[in-house]
Amino acid sequence: MPTASKTAPLTLPGRIPELDGLRGFAILLVVICHYIGIADHAPLGFWIDRMLCVLNAGWSGVDLFFVLSGFLIGGILLDARNSPQYFRAFYMRRVFRILPVYYLWILIFVFLVGVSVLFFPGRFPVTTKDFLQVPIQLFFLRNVFIGHMPIFAFIWFGVTWSLSVEEQFYLLAPPLIRFLSTYRLVLALFAAILFAPLLRFLLVHYSSPQGLGAAFFPMPCRADALAWGILLAVAWRNPAFRTFLENRRLLLQRILWLLLLGVAALLWWLARPFGLVTLTIGLSWLALFYSCLLLVVVSQTDGPLASVMRWRWLRLLGAGSYCIYIVHSAFNRLAHLILLHSTPRIYDLRGLGVTLLALFLTLGVAALSWRFFEQPLLRRGHTYSFEERPAARVPASISVLQPPVQQ
């Protein structure tokens, strides 16, 4: 954690390179969850198995993405709220950033299902029913229709529920920020922060144990993390707030420590995403913790925590995080299924080897995707300016990404 030292000058709006590292940290948590936490490691012994199961709490990296999304997208919209090209520029940039990689992933799914059904019927767990999942994916409704997925569709698309949350957020945030005064916007954000945990509590109370996902996946149930991000973006644009942070460095660090201790206390329950504690207390606590973490990183850029977020490998991981997020789980599950005929496991050398192979494939595909596909498209998207004049050329070195949102 950071210690007290002289605060670096705070600039606005500017680029905040430490946020690339936060993206990298978020995707690292998610990969650890899916590659280690939920893998089969029971043969390693009771205590090792229990300790590794705790890593399943890495799913909370998604909540860090939500806070980052609210902060970055909210900040972009706040800075451009009076732009004559407000909606056009924002949505065209989203189209070029989000849709190509995502729709290519859907197209590959359709191709694989078609080949399996036509040429290898019955040899793979694929049927024509998998085609019914395509419209759900095309319209970003995975978080609404998350249950009863065919096995191959689940392997391929299971993680995209959070991308659906993001896309639904993109539909709501721009008009709210455009048409509400700052005062009313802040009231609406606080209302979302209070409403989301209440909604989760009601859904948990009235759902069966098998239906607790209804309190985990819908966008309104995750609105508090997104709202915290926008609220921080509003506050960050207030010089008085930044001065307050500068003068209260130790206080902010202590709050972060307190929230971290709370995360540690909840860790066993957080490893169970659909448990009562996680759905009622855990998600709210995580939103607070990640919001405070973001504040420490952006306000104390000379501190050790911000320095860690500037590590090159972590920022590179953040750079490829969108593609990594989409493909990592499918690569791991399919590698184990094809090579070992099993679900993911890490309790023997063969399982560990296949897991590492899936990881290398994931990172390699993400690096190629960013270099030759995503980065050129991102530059193309940035030609849509919020100003009426033609947009300036975006440098080839631009590095702004995160799953599922980028500047």
Discussion item. Compute the distance from the alpha-carbon center of region 289-359 to that of region 190-227, in whole Å.
Written reply: 27 Å
Fill in: Computed over region 16-90: relative contact order in percent, which uses C-alpha pairs under 8 Å that are six or more apart
32 percent
Worksheet item: Dipole of the chain (Lys/Arg Cβ +1, Asp/Glu Cβ -1, origin at the Cα centre): which of Val186, Ala227, Phe140 lies farthest to the positive side?
Response: Val186
Response to the item:
Expected unfolding gain across Arg248-Ala265 under the 0.36 nm per residue rule, minus the alpha-carbon gap, is 3.5 nm
Worksheet item: Between Val95 and Leu339, what length in nm is gained on full extension when 0.36 nm per residue of separation is reduced by their alpha carbon distance?
Response: 84.2 nm
Worksheet entry | Taking the chain and dividing mean pair separation by its residue count, relative contact order in percent (alpha carbons under 8 Å, at least six apart) | 32 percent
Worksheet, complete the sentence: Once the dipole of region 18-381 is set up from charges on Cβ (+1 Lys and Arg, -1 Asp and Glu), the residue from the list Val365, Met92, Pro218 lying farthest towards its positive end is Met92
Fill in: CD proxy at 222 nm, helix term only [per DSSP H run n ≥ 4: -39500 (n - 2.57); per residue of the chain; nearest 500]
-21000 deg cm²/dmol
Worksheet entry | Computed over region 18-381, Kirkwood Rh from alpha-carbon pairs, angstrom | 21.6 Å
Practice prompt. Place a +1 charge on the Cβ of each Lys and Arg in the chain and a -1 charge on the Cβ of each Asp and Glu, then give the dipole magnitude about the Cα centre in debye, rounded to the nearest 20.
Written response: 640 debye
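Read-outs throughout are calculated quantities, based only on the coordinates presented, and are distinct from any laboratory measurement. Keep in mind it's a predicted model, so treat the numbers as computed, not measured. FYI the Cβ positions are ideal-geometry reconstructions off the backbone, even for glycines, and counts take in every protein chain you see.
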